[in-house]
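Inspection log for the structure reproduced underneath, given as structure tokens.
The values are calculated or read from the model by the stated rules, or taken from the named source; none is laboratory data. No experiment lies behind these values; they were computed from the predicted model shown. Cβ: placed from backbone, ideal geometry, glycine included. Neighbour counts: every protein chain shown. Accessible surface is based on the protein model in full, side chains and every heavy atom, while ligands, DNA and RNA are left aside. Shrake-Rupley method; radii C 1.70, N 1.55, O 1.52, S 1.80 Å.
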Amino acid sequence: MCGICGVIGFERTDQSEAITRRMMEALRHRGPDEDGLLVAPSVALGVRRLSIIDLPGGHQPVFNEASNVAVVFNGEIYNYKQLRGTLEGRGHAFRTHSDTEVIVHAYEEWGEECLRELRGMFAFAVWDARASGTTGDAARRARVFIARDRLGIKPLYLYRSENLLIFASEIKALLASGLVPKQLDPAGLRAFLQLGHIPPPWTAIRGVTPLAPGHTGIWHSSEWRTKPYWNLDPHSSAAPPPKELAASLADVLVDSMRNHLVSDVPVLLFLSGGTDSACLAAAARKAGAQNLSAMTVGFGEAEFDETELSRRTARALDIPHQVVTLDANRVTAGLDHAIWGLDQPSVDGLNSYWISKLAAEAGFKVALSGQGGDELFGGYESLAWFERFTAVARWARPLPAALFGRVLDQQALPFRWRKLSYLMGADDPFVASQMAVKVLFLDRDVTGLLSPALGQNGHHAEARNHLAYWSKLVEREDLLERLAFMDIHTHLEPRLLRDLDATSMAHSIEVRPVFLDHRLVEFLLPVPSETRIQQKRLLLDAAKSFLPRNLLEDLETRRKRTFTFPFKRWITRDLHGTMQETFSQHRVDSRQVLEFGAVDDLWRRYERSEASVGWSRIWSLFVLQRWCEIMQVSP
């Protein structure tokens, strides 16, 4: 796992090298073991490396035999040994034992189609000098091929200016280049206040955009173009008999686990008290894991603590297990680094930040995560709310939105009631239900909370447009299928996976989400929603073949819990002073991002009645203010 960056289009190599070195330094936390740099006419590529496979020999950039194709790479290619055998059989000579070198030779052999062969999580840039002619026209004909993995597990951000392209694994590296203005994107911030994260194509910084999951980009002759190479297909087919389906899924899951265990360093499993991590732990045992340990984060607050449940899982599977208790004082002391680690504002991420930090302190570089289990197997309890709200929106569709929406959207009402105004007179009942469940702040709240330069810019449609875009792609599917598709594209990819990468790499630890192996995803999606999305029933049926009977019976009786921190209690007690100071007038006014009067009113209302506001709204404002301070950005 690494951090990569590059500058394409500068004719002066001394300038492009200096810019790339600044970005590499900003990515040091992602790759503390070593760095590497390629400088050629019109191209400079940099990498910071975290050594996990081929520790002594995997130095990047990695070149082909003729030294005219090279790659910088962030991620893991799990099937690299099989691919190496295939490529050696086709005449390619390898110099290392790393998975990185497979990309170079696969690109030589298959060109852009090499992506169909790669199994893993990745973002990489290939420099191809074979198309260049003489030294004089090399800059004009430079070719760089950039790609991101199918589900966007690994990030890549882009900034374009005239004949220049800059890319990096994190936004903070782009800002370190000195070429990207530290100017906030109003659309990105409005989307953040509504959704709690910033979905593509926006980011927090004007002009910076992510390369979309499952997409490639090519820079050639000063031209840049992108295109998709993979997408989710939500169309279901007839499911095989239940026992056959469960057996096949068990095989695919164990195979996915076997691939994710590939490592030259010990592997840690993030173990909660739930079904997902227990099934992964059992699958790891079935896959023959030899160097696997487990870790659980515990809390003093009993209602959030899962240590006893996780201990029962670890004992049943005979996996070495450690519990680390996290208290509010430590969280408070580390807040600024945690928000810096987010890379851009998000209402989530603190949980993955801390378990990654604790794992790194225990000496681990690689960890396995159960992310994706809820989306693929229907673990979210909010599914019932979407169903209810969609039905209400259909019923209320003929009602005048302006009149009936205004009745519900009253400032004195709790936010959870005001959001029901989206259900009145909605053009699309499904999108309306998404807004009613997912939105934090309503449209006019955003206008009042942001400074005039950011918030008062006509109708704020970012959240609605984002949800409507993905909804349109599955409008003919059944409700459960649509909800599952939306969970992946509007929650898992832009929020959970983005946060997980940024916060884990803040501690130089690589986290592998086993459920999101693309072969497992492709196996599951054709399974009809009524079979797949049933509160983990299909996952448990598959895991019966390798779960101990006592653990299976235990899991079937455990109440569904979401791994979260006791934010509500911490904000009210332990973090109260920190929140109060952050919302003070001199701090809010100094950044000119939020409006002090609106923030102060909301904070005082929260102190009077937490239930009328909700901790996530207060937390989102806190994160935004502190992130802008730390990154020194402005409107």
Checklist entry - Only one residue in Ser609, Ser620 is open to solvent by less than 20 Å² (accessible area, probe 1.4 Å), on the phi < 0 side of the Ramachandran plot and among the small types (Gly, Ala, Ser). Which one? => result Ser620
Checklist outcome for this item: Counted residues in segment 314-355 being free of Cβ contacts under 8 Å to residues at least 12 places away in the same chain and either open to solvent by less than 40 Å² (accessible area, probe 1.4 Å) or within 30 Å of Ser169 (Cβ to Cβ) (or both) come to 2
Item to check | Residue that is modelled with the highest pLDDT [pool: residues in segment 532-566 that are closer than 20 Å to Leu480 by Cα and part of a loop (DSSP other than H, G, I, E, B)] | outcome: Lys536
Next on the checklist: One residue is enough: does segment 595-603 have a residue meeting the conditions outside any helix (DSSP H, G or I) and out of contact with any helix residue (DSSP H, G or I) (no Cβ under 7 Å at 6 or more places or on another chain)?
Outcome noted: no
Checklist entry - So is Ala173 surrounded by 14 or more Cβ atoms within 10 Å (Cβ to Cβ) and modelled with pLDDT of 95 or more or not? => result yes
Checklist entry - What number of residues within segment 459-481 are in a helix (DSSP H, G or I) and open to solvent by 30 Å² or more (accessible area, probe 1.4 Å)? => result 8
Checklist entry - Which members of segment 252-263 meet the condition of being open to solvent by 10 Å² or more (accessible area, probe 1.4 Å) and outside any loop (DSSP other than H, G, I, E, B)? => result Val252, Val254, Asp255, Arg258, Asn259
Item to check | Checking Phe386 against (1) open to solvent by less than 30 Å² (accessible area, probe 1.4 Å); (2) at pLDDT 90 or above, the condition it does not meet | outcome: (2)
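So that you can scan it fast, the table gives a plain yes or no per residue for (1) in contact with a strand residue (DSSP E or B) (Cβ under 8 Å, 6 or more places away or on another chain); (2) farther than 30 Å from Glu481 by Cβ; (3) open to solvent by 30 Å² or more (accessible area, probe 1.4 Å); (4) not β-branched (Val, Ile, Thr):
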{"residue": "Gly217", "(1), (2), (3), (4)": "yes, yes, no, yes"}
{"residue": "Pro234", "(1), (2), (3), (4)": "no, no, no, yes"}
{"residue": "Ala238", "(1), (2), (3), (4)": "no, no, yes, yes"}
{"residue": "Ala250", "(1), (2), (3), (4)": "no, no, no, yes"}
{"residue": "Val265", "(1), (2), (3), (4)": "yes, yes, no, no"}
{"residue": "Asn291", "(1), (2), (3), (4)": "yes, yes, yes, yes"}
{"residue": "Phe299", "(1), (2), (3), (4)": "yes, yes, no, yes"}
{"residue": "Ser310", "(1), (2), (3), (4)": "yes, yes, no, yes"}
Checklist entry - Looking only at residues in segment 267-289 that are open to solvent by 30 Å² or more (accessible area, probe 1.4 Å) and in contact (Cβ under 8 Å) with a residue 40 or more places away in the chain, which one is farthest from Tyr80 (Cα to Cα)? => result Ser272
Checklist entry - Quick one: is Phe63 open to solvent by less than 30 Å² (accessible area, probe 1.4 Å) and under 29 Å from Asn163 (Cβ atoms)? => result no
Next on the checklist: For a quick check of your reading of the model, give me the residue pairs whose first member lies in segment 10-27 and is under 12 Å from Lys172 (Cβ atoms), whose second is in a helix (DSSP H, G or I) and charged (D, E, K, R), with beta-carbon atoms closer than 7 Å and at least 6 apart or on different chains.
Outcome noted: Ala26/Lys172
Checklist entry - Which number in (1) surrounded by 16 or more Cβ atoms within 10 Å (Cβ to Cβ); (2) of a type in the set (Lys, Arg); (3) over 22 Å from Leu115 (Cβ atoms) marks the one condition that Arg28 misses? => result (1)
Checklist entry - Within segment 20-39, how many residues are β-branched (Val, Ile, Thr) and touching a Cys at 6+ places or on another chain (Cβ under 9 Å)? => result 1
Checklist entry - Out of all the residues in segment 199-215, which are β-branched (Val, Ile, Thr) and open to solvent by less than 10 Å² (accessible area, probe 1.4 Å)? => result Thr203, Ile205, Val208
